[in-house]
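Working notes, structure below.
Each reported figure results from applying straightforward, stated rules to the coordinates on display, with no laboratory input. Bear in mind that the values here come from a model prediction, so they are computed numbers and not experimental data. For neighbour counting, all protein chains shown are included, and Cβ atoms are generated from backbone atoms with ideal geometry for every residue, glycine included.
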Amino acid sequence: MKVGVVGLGTMGAGIAQLAVEAGLETVGREVTDELGEKARGRIDHFLTRKVEKGQIESYDISLLSTTTEVSDFSECDVVIEAIVEELDPKRELFAELEKVCGPDAVLATNTSALSVTEIAGAVSTPERVVGMHFFNPAPLMPLVEIVRAERSSDEAFDTAFELAEKLGKHPIRCHDTPGFVVNRVLIPLLNDCVRVLDEARVTPEDLDAGMKHGAGWPMGPCELVDLVGIDVHVNASEALWEKLREPRMAPPARLVAMANAGLLGRKSGRGFYSYDS
Ligand SMILES: NC(=O)c1ccc[n+]([C@@H]2O[C@H](COP(=O)([O-])OP(=O)(O)OC[C@H]3O[C@@H](n4cnc5c(N)ncnc54)[C@H](O)[C@@H]3O)[C@@H](O)[C@H]2O)c1
């Protein structure tokens, strides 16, 4: 199986790394050669570290080629899109992919918050379009949500599921609804946690201790939002709120203010907690 990955940013580079690790021929596309080469270098570095730590025996970086041309996906069996989270660029890309890929090639999107059905609406063969929603960091998080859009075929859905298994992941099946499965549950839950901070006048430390020691969470909600990025969480909440109009989905004012003030969590050095840079 030959895999294509479009966009080698945070998610795409992780997905391309998984494909190389699984021994699959992989093509990665970026907007410039420089970005492609940088991503390839990062992937090579992470895989070398895995060999050094004894986590894998070896890998073959020559399985990964990078390009700026969509036409280089012509021989791919599955192409996974991981570009910016905006509908128009994704729809444009899928229309281009449809022109160059073989008729049986599956076109998958890693979108978190957009409708897979709306992305599939850009092509004349929507049967081949599915969602493959990886979690960040893709090389470490075991879950992939395999998302069936309105017109996805069983064949495309099964191919995506099998690919996720080949990549060593734990895929689950779901339909194309806002937030799919995990974010649909987790985003309002984290918003509730932040609202409780103000309502119960509990400190972030005590709330985190409460959820870890009383509910068995592996990480406290404030630690988790800091890790995800407060801006990323606010955007995801807004996207769900826009689609579902359930008050719990709307980002709490406290988080919006933190995002606007540049308190973004770990990546900015300060969110609910402070981090050494
Ligand atoms: N970051 C996360 O936690 C996360 C988790 C799950 C899903 N996602 C989804 O994955 C997708 C990518 O997110 P990310 O965080 O990796 O973004 P990112 O900004 O880190 O990476 C996007 C990359 O795509 C490249 N790009 C943009 N347009 C392109 C095009 N037309 N062709 C090729 N490359 C292009 C950019 O240069 C950039 O390197 C989004 O749809 C996002 O919602 C993100």
task = Return the distance in nm (one decimal) between the two label points of a simple spin-label model at ALA257 and GLN55, each offset 7 Å from Cα along Cα→Cβ.
result = 3.9 nm
inquiry  = For the chain, give me the percentage of DSSP beta bridges that are antiparallel, rounded to the nearest 5 percent.
reply    = 20 percent
inquiry  = List the aspartates and glutamates whose Cα sits under 16 Å from the Cα of LYS53, skipping any in the same chain fewer than 8 residues away.
reply    = GLU21, ASP44
request  = Identify, among GLY168, VAL5, HIS233, the residue whose Cα sits farthest towards the positive end of the charge dipole of the chain, taking +1 on the Cβ of Lys and Arg and -1 on the Cβ of Asp and Glu, with the dipole about the Cα centre.
outcome  = HIS233
5 angstrom amide H check on GLU150, placed H, neighbours 5+ away = THR117
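Mind checking the full-extension length gain between TYR273 and LEU227? Use 0.36 nm per residue of separation minus the Cα-Cα distance, one decimal, nm.
15.5 nm
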request  = Enumerate the amide H contacts of VAL6 below 5 Å, restricted to partners 5 or more residues apart or on another chain; note that Pro and chain-start residues carry no placed amide H.
outcome  = ARG29, ILE80, GLU81, ALA82
note = Note on the chain: contact order normalised by length, alpha-carbon pairs under 8 Å, 6 or more apart, percent, works out to 13 percent
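Compute, for the stretch 2-175, the length of the dipole vector about the Cα centre, with Cβ point charges of +1 (Lys, Arg) and -1 (Asp, Glu) only. Units Debye, rounded to 20.
Working: 17 positive and 31 negative charges, 109 e Å.
Around 520 debye, computed over the stretch 2-175.
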query = What angle do you read, to the nearest 10 degrees and between 0 and 90, between the alpha-carbon axis of helix 87-100 and the longest principal axis of the chain?
reply = 20 degrees
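When the helix-only estimate is applied to the chain (DSSP H runs of n ≥ 4, each -39,500 (n - 2.57), divided by the residue count), what is the mean residue ellipticity at 222 nm, nearest 500 deg cm²/dmol? Present the calculation step by step, with values, prior to reporting the outcome.
Working: 10 runs with 125 residues, N = 277.
Calculated mean residue ellipticity at 222 nm is -14000 deg cm²/dmol.
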task = Using θ = phi - 60° and the Karplus relation 6.51 cos²θ - 1.76 cosθ + 1.60, list the HN-Hα couplings for the stretch 244-254 in order, rounded to whole Hz, with x at every Gly or Pro.
result = 10, 6, 9, x, 5, 6, 5, x, x, 3, 4
remark   = Scalar couplings 3J(HN,Hα) for the stretch 116-126 by Karplus 6.51 cos²θ - 1.76 cosθ + 1.60 (θ = phi - 60°), nearest whole Hz, x for Gly and Pro, are 5, 4, 5, 5, 5, x, 7, 10, 8, 10, x
ask   = For labels at LYS243 and HIS175 in the simple 7 Å Cα→Cβ model, what's the distance in nm?
value = 1.3 nm
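Length gain on complete extension for the stretch LEU186 to LEU143, per 0.36 nm per residue less the alpha carbon to alpha carbon distance? Before the final figure, lay out each step's value.
Values: separation 43, 0.36 × 43 = 15.48 nm, distance 1.42 nm.
This chain segment gains 14.1 nm when fully extended.
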task = Could you work out how far helix 10-21 tilts from the main Cα principal axis of the chain, as a 0 to 90 degree angle to the nearest 10?
result = 50 degrees
query = For GLU25, which sequence-distant residues (separation of 5 or more, or a different chain) have an amide H within less than 5 Å of its own amide H, given hydrogens modelled in the peptide plane?
reply = VAL3
ask   = Does the chain come out rounded, prolate or oblate, given a ≥ b ≥ c as the square roots of the eigenvalues of its C-alpha gyration tensor, rounded meaning a/c under 1.5 and, failing that, prolate meaning a/b above b/c?
value = prolate
task = Sticking with the crude label model, points 7 Å out along Cα→Cβ, report the distance from ASP72 to GLU199 in nm, one decimal please.
result = 5.2 nm
key: J(HN,Hα) series, the stretch 230-239, from Karplus relation 6.51 cos²θ - 1.76 cosθ + 1.60, nearest Hz, glycine and proline x   = 5, 5, 5, 5, 4, 4, 5, 5, 4, 5
